[in-house]
Amino acid sequence: MIRIAAVGDVHMDVDLLGRYRPALLELPECADVLLLAGDLTRHGSRREAQCVAQEFGGLQVPVIAVLGNHDHHGDEPDQVVEVLAASGIQVLEGSGVVIGTPGGRLGVAGVKGFGGGFAGRCASAFGEPEMKSFVRTTEHSAERLSKSLQELECDLRVALTHYAPVPDTLVGEPLEIYPFLGSYLLGEAIDSAPADLAIHGHAHAGSERGVTPGGVRVRNVAHPVIKHAYSIFNLDHGAG
Amino acid sequence: MKHAEHDEYAEASAQRELAEDGGIAEQGMEIVRRDGCVVIRGEVESEHRRDLIAQRVAAHFPHCEVRNDIVVVRVGRPMEAEELA
Ligand SMILES: [Fe+2]
Ligand SMILES: [Fe+2]
């Protein structure tokens, strides 16, 4: 069994410093790894990234993250990644990592992902260049997620995204904004590996549990959804 | 900031301001218009953010009472793990 802690959408800034720390310091007792599902900062500034580093860095468990749309708002996502990396937080984007745990090798592949909507009600790469580039951004992201999931050599495989791969975990959000919350292309990528578990954030008013068409369990760990410092998933071999 | 003449536009511009002002960057707040008052609902990470949001929204509805029903999300450790087998 591998114990996975996860949270997303912590939207850090100086006003939150120390808020998560007491619960985080207890992580080694209950988890082998902490996954951060994007929107780590409020709007992607260096100061906010330093707050993330201070709050979520230097823990006794490995910390693996993807960025979210908020972390891109400052147009300097590389700077956010650099600050996080300096504190030992590994940021995935079209890449994967394998970590050894007492319960086996855990592989995590991550992308931020993007929107577009879900099967039958989604955007198509058609018409204006802005529309085509919107849809192609998601296609490209999904392709990289699929490839990095498939390349993982591990016992259990987890997909980490910010945007949602299924509509199930959006229940509670207005239907009108589903296309801005995720894309079925991410779900298709997760099923292509397949992953044993998919973790995402972004949908603050969504719900916790869903499943891909291929049967992979999906969990929305956006902080306002889980209402704890993190969720813990005990993942067993043969899961998924 | 200009006050929109109709409540619906006021709501839209308040929502845009909450999302696009980097010092707030809050999406997903619910602004509910009721008879003679406006209620703001949602979940944020600090009391400071809760009060700032209410203040900004109130500026868009100068003729209404604005009620702040935003809550700060808890950060305790979870009581149990989910077993996935
Ligand atoms: Fe978020
Ligand atoms: Fe987000």
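Coordinate-derived values only; no laboratory data. The structure presented is a predicted model; accordingly, all values stated were derived computationally and were not measured. We place every Cβ from the backbone using ideal geometry, glycine too, and count neighbours over all the protein chains shown.
Before moving on, here are some points about what is shown:
- Order of A:D32, B:D35 under a 10 Å beta carbon neighbour criterion, fewest first: B:D35, A:D32
- Secondary structure note: in chain A, about 40% of the DSSP beta bridges are antiparallel.
- Sequence of B:E17, A:E82, B:E5 once ranked by neighbouring C-beta atoms within 10 Å, starting from the fewest: B:E5, A:E82, B:E17
- Computed per residue of the protein assembly as shown from DSSP H runs no shorter than four, each worth -39500 (n - 2.57), the mean residue ellipticity at 222 nm is -8500 deg cm²/dmol.
- J(HN,Hα) series, segment A:102-112, from Karplus relation 6.51 cos²θ - 1.76 cosθ + 1.60, nearest Hz, glycine and proline x: x, x, x, 8, 9, x, 10, 10, x, 9, 5
- Average partner coverage of A:62-70, which counts Cβ from other chains inside 10 Å: 1
- Applying the Karplus relation 6.51 cos²θ - 1.76 cosθ + 1.60 with θ = phi - 60° to segment A:188-203 yields 3J(HN,Hα) values of 5, 5, 5, 6, 6, 6, x, 7, 8, 7, 10, 10, 9, x, 6, 8 Hz, where x marks Gly and Pro.
- Average Cα contact separation per residue, chain A, under 8 Å, 6 or more apart, as relative contact order %: 21 percent
- Residue with peak Gaussian network fluctuation, chain A [Cα springs, cutoff 10 Å], from A:A31, A:A198, A:A142: A:A31
- For segment B:10-72, the antiparallel share of DSSP beta bridges with both residues in that region comes to about 40%.
- Chain B, relative contact order [Cα under 8 Å, separation at least 6], %: 27 percent
- With a 10 Å cut-off around each Cβ of B:21-32, the average count of Cβ atoms from other chains is 4.
- Near the amide H of B:R67, within less than 5 Å, lie the amide hydrogens of B:V38, B:V39, B:I40, all on another chain or at least 5 residues away, with H placed in the peptide plane.
- Order of A:C51, B:C37, B:C64 - criterion: other Cβ atoms within 10 Å of each residue's Cβ, fewest first: B:C37, B:C64, A:C51
- Three-way shape call for chain B based on the alpha-carbon gyration tensor, with the a/c threshold at 1.5: prolate
- Three-way shape label, segment A:174-224, alpha-carbon gyration tensor, a/c 1.5: oblate
- Choice from B:V39, B:V57, B:V73 showing the highest fluctuation, given a GNM over chain B with Cα pairs closer than 10 Å: B:V73
- Two-site label geometry, A:R136 and B:C37: point separation in nm, points 7 Å out along Cα→Cβ: 5.2 nm
- Remark: mean inter-chain Cβ contacts per residue of A:120-127 equal 0, using a 10 Å Cβ-Cβ cutoff to other protein chain atoms.
- Segment A:193-225 and segment A:159-186: distance between their alpha carbon centers, rounded to Å: 9 Å
- ³J(HN,Hα), Karplus 6.51/-1.76/1.60, whole Hz, each residue of segment A:123-133, x for Gly, Pro: 6, 10, 6, 8, x, 4, x, 4, 6, 5, 6
- Whether the protein assembly as shown is rounded, prolate or oblate, judged on the alpha carbon gyration tensor where a/c under 1.5 counts as rounded: prolate
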